[in-house]
1. Look at the range 357-374 and say how many of its residues are out of contact with any Leu (no Cβ under 9 Å at 6 or more places or on another chain) and not small (G, A, S).
2. Checking V536 against (1) within 27 Å of G42 (Cβ to Cβ); (2) surrounded by 22 or more Cβ atoms within 10 Å (Cβ to Cβ); (3) within 25 Å of the chain's Cα centre (by Cα), which single condition isn't satisfied?
3. Output the residues belonging to the range 388-446 that are open to solvent by 30 Å² or more (accessible area, probe 1.4 Å) and in a strand (DSSP E or B).
4. Consider S123 carefully, then state whether it is buried (at least 20 other Cβ atoms within 10 Å of the Cβ), hydroxyl-bearing (S, T, Y) and on the phi < 0 side of the Ramachandran plot.
5. Determine the pairs where a residue that is closer than 9 Å to T38 by Cα, located within the range 55-80, has a partner that is assigned to a strand (DSSP E or B) with Cβ atoms under 7 Å apart, the partner being 6 or more residues away or on another chain.
6. Can we say F608 is closer than 28 Å to P465 by Cα and hydrophobic (A, V, I, L, M, F, W, C)?
7. Given the criterion open to solvent by less than 10 Å² (accessible area, probe 1.4 Å), of a type in the set (D, E, K, R) and modelled with pLDDT under 95, identify the matching residue among D658, D699, D670.
8. Pairs needed: first member in the range 328-342, aliphatic (A, V, I, L, M); second member anywhere, in a strand (DSSP E or B) and open to solvent by 70 Å² or more (accessible area, probe 1.4 Å); C-beta distance under 9 Å; at least 6 residues apart or different chains.
Amino acid sequence: MRYTTALFVVSLMLPAAFAAAPAPAQSLLSVERLFSGTDLSGPRLRAPEFSPDGRYVTFLQGKPDDKDQLDLWAFDTRSGEPKLLVDSRAFAGNNERLSAEEEARRERQRTASLRGIVEYKFSADGRRLLVPLGGDLYLYDFRAKANPVRQLTRTDAYETDARFSPRGRYVSFVRDQDLFVLDIDTGVERALTSDGEGLIQNGVAEFVAQEEMDRTTGYWWSPDEHRIAFTRIDDTPVQEFERLEINADGARVSRQRYPAAGTANTHVELKVVELKSGTITPIDIDFDDGYLARVNWFRDSQHLAVQKQTRDQKKLELLKVHATRGNTRVLLTESSPAWIELHDDLRFLEQRDAFIWASRRSGYRHLYLYDLDGTLIRQLTDGPWMVVGDGTENGVVGIDETRALVYFTANEASPLERHLYVASLTTKTPGSPRRISREAGWHSANLMPGGRLYLDQWSSPDQPPTASLRSLDGNVHRWLERNALDASHPYHPFVARHSKEEFGSIKAADGQDLYFRLIKPPVMEPGRRYPVVIDVYGGPQMQYVRKDWMGGARAVQGYFRQVLAQNGFVVFSLDNRGSGFRGETFDTAISGRLGKIEIEDQLRGVEFLKGQPFVDSERIGIMGWSYGGYMSLLALTTTKAFKAGVAGAPVTDWRLYDTHYTERYLGMPDVGNGYEVSGVLPYADSLHGHLLLVHGMADDNVLFTHSTMLMQRLQTLDTPFDVMTYPGSKHGLTRMPQTGRHYYEMVLRFFGRTLGESN
């Protein structure tokens, strides 16, 4: 057994513009503070982008009085000075309206808790920014001497998925289920499709593409901006659920097309529209037996690169398709006995006829160079590590063709960290990339156009998120945000009671390393044994144990771990086999059955905890949301190791979950018994310990039916349990200010009651 710890370090300096009012030293962190006031992590750069000329770094940032109301800012890379570009309140006020489609889109993108400006796009020349706000589109002109913001649309309908054409003449968007373009100079707009209504949508990604495939768009511009490839989707084949959405002021029946495992998917067609003539040409590829995974254009604007995945997800083909004649040929095929992970790391080179492709064929995700006919030129990276991004499969940061270099992020240094690396496009030693980032922890990077510098966003368990411009040897060129934990930092009042995060690993049954994070109460009495809360996710494509600040995008949960520790709980998290970004053997261990190996590994963590002199082995609880909620239920029904558990929005019967996610791991429901043994309901009669079941009553991802089925089963068994339902709330309710605060305060009370010393 190996057990290592990380030391807590306090850094320096925070820009005064974002300073928080001083608070008493040694304050206890409360759940209320997690959802109010200034962002506890300090100033952060959300969605940063370089302007195409490299002059600016634009980003989104919350207001000092409301961290979830985002404005658009820019740093001048020459001076390092920040500048507010668009004040969201000035254009949308505090009562921004969202269409039902936009609400659903934000729920899929996990941005439903945010308001104001949540996305923006640069024009190719860097002169303009496109900003969707309040249902309309705005244009920001960097060269305008006065009134730089111009409103492009003013309609009752909502424009979504807006972007510039590649050369900047047009803005495209989806409105009322059809695809539109607007000429920026003349202001004239026209619809490119006209049959979008009811169950037909144009230019939109279907539900499973958005929710499970990381494809959030349904249209793609050709580089010469003469054509747009787009999807026409028809939800008619998808079964309709009548879902009762219970809100505070009443209930309504919502009819939702939901492709449950084993049932029909959305009918997807790929088409190409000529901008000048309006002619629409269908692409003759049948996706009914699989999925349209990705679409890109070749540089010649004549051919499409289409990725088609089979229904069982064990094979993916990269197709080269002529945009008008429809000729199709297979460039390459990826196959796996488990499943193929999708990615966005197909990159066509500009100065030679070649492209970069990512594959897990070696057992780890690496980069390969191909010519345009699909012939492998060489492997670019290799080794027992993964080219991966910040919680995604996408690792390529940029390409410098003049110097024949590709920049990427990877976990080569440690599975718990991310660093920036560079490799040669002509390499003969793919296993020896050069690491650029220096500090231990978690780095994400954006390469400046022209390749002179890069934007480094770095955090660690000891350092809140920073932002700096760096040279390509890793040296700091200019700090944009030092974000030091000095007296002005929002988190400074809580530093004295902050519990350091300790990291280590234990062995799985097959000898693989299982990494964990351990947080102890800040003040511990010698000889006293403390209750434990295991904070779990445990599902695929997710890494929960990472050496970053508070879990990155999941910082609220990270801060709640500190709240638990300050209330006398030991907090433990372990990434079991089946969780993400460790390689094929580790990631695919769950293939064919969910829940079994994951719980086995979590029990290894429990045994480790029982061996610690400060742990009360009779007072161990578990909490999780979504897949973590499912894990909590299995922990309470298939083991006797836990005294209490919180199961939030859990899957209880995988036959009710969607096609792409569920079939990836379990296949079709009518083959074998994987669905039955992977569910929770067969084990409900063995519920052990105290259960708090939580669900949003308007959840359209993990349907509320999952919890009502379990409620009925436990009631039939006369088994006591606690339940909390949230009227009108969807799957992301823990991120919303009102419901999130209520949920976490309830969980804290629940564990105080069930794991307290009197119990």
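The values are calculated or read from the model by the stated rules, or taken from the named source; none is laboratory data. Because the structure is a prediction, the values reported are computed rather than measured. Here the Cβ is made from the backbone with ideal geometry for all residues, glycine too, and neighbour counts use every protein chain on show. Calculation scope for accessible area: heavy atoms of the full protein, side chains included, ligands and nucleic acids excluded. Shrake-Rupley method; radii C 1.70, N 1.55, O 1.52, S 1.80 Å.
1. Within the range 357-374, the subset out of contact with any Leu (no Cβ under 9 Å at 6 or more places or on another chain) is 360-365, 371.
Still in the list and also not small (G, A, S): 360-361, 364-365, 371.
Residues in the range 357-374 being out of contact with any Leu (no Cβ under 9 Å at 6 or more places or on another chain) and not small (G, A, S): 5 in total.
2. Every listed condition holds for V536 apart from (1).
3. V397, I399, S424, R434, R435, S444, N446
4. Working: buried (at least 20 other Cβ atoms within 10 Å of the Cβ): yes; hydroxyl-bearing (S, T, Y): yes; on the phi < 0 side of the Ramachandran plot: yes.
Answer is yes for this residue.
5. G62/D68; G62/Q69; G62/L70; K63/Q69; K63/D71
6. On the way: closer than 28 Å to P465 by Cα: no; hydrophobic (A, V, I, L, M, F, W, C): yes.
Considered against the rule, which asks whether it is closer than 28 Å to P465 by Cα and hydrophobic (A, V, I, L, M, F, W, C), F608 comes out as no.
7. Going through D658, D699, D670 in turn, just one is open to solvent by less than 10 Å² (accessible area, probe 1.4 Å), of a type in the set (D, E, K, R) and modelled with pLDDT under 95: D699.
8. From residues that are aliphatic (A, V, I, L, M), the pairs are L332/L376; I340/K315.
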